[in-house]
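Bear in mind that the values in this text are calculations on the coordinates, not laboratory data. From a predicted model like this one, the values you see are computed outputs, not experimental measurements.
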Amino acid sequence: MRRGDGETGRRGDGETRRRGDWETRRKGEAKRNMAKKDRSNNKPEKNKNRQLSTASPRPPVSASPRPPVSASPSPPVSPSPSPALVAVIMGSQSDWETMRHADETLAKFGIDHECRVISAHRSPSLAAEFGSSAEGRGLEVVIAAAGGAAHLAGVLAAHTTLPVLGVPMRSEALNGLDSLLATVQMPGGIPVGTLAIGKPGAVNAALFAVSILANSRPELRKKLHEFREAQEKKIRETTL
């Protein structure tokens, strides 16, 4: 009986110890699982806190003041040149030595004018184009100078109804007589006001143009009167 009781007691004690060890292991595993769960739950928060703590704060962005926009200065607008009232046309550049006196005379009276080289024979289409468009461009008088077979004034007159004043150029062959006859001998219906040969004709053509323009411009008529008076005064004051 004692032996049986001892064996029973030993078996009971062993079973008790095994159950105790199992309970201890089960509780330990439960604790470890809870600890892992806690760590997994707390890990994002730690990382989040770490990210928040390590991120350098951004400095406040202050709006930079815009520089005042200054209006760029506009270039000065120069007044458009007045349209020419008189055209001084010559058949060759060599005629300029004579026709510059017409240019100077018109300039003294303040007449807006233009000077060009157009040949009736070497540039016939240009001559026709110029004569046809003269009135539309605002011209009121055309002065045409040519030498030899001087057809420039007649050709221009054939393409416009504006007054055309012809100036015969002095020539080598006939000393300007050929130029005079070619300019003055126009057929009836196409008039050309023909002036003297050379420099006197250039000056008078300009004065003739001034007289035509002065009919509708009182200020220009006054200048023309003053010019005539100055001429007379100069003659009166001349002594020999």
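For the stretch 87-168, just the Cα set please: Rg and Dmax, both in angstrom.
In Å, with Rg to one decimal and Dmax whole: 11.7, 33.
Would you calculate the convex hull of the Cα atoms in the stretch 175-227 and tell me its volume per residue in Å³?
Hull volume normalised by residue count: 72 Å³.
Given the C-alpha atoms of the stretch 111-240, compute the convex hull and give its volume per residue in Å³.
134 Å³
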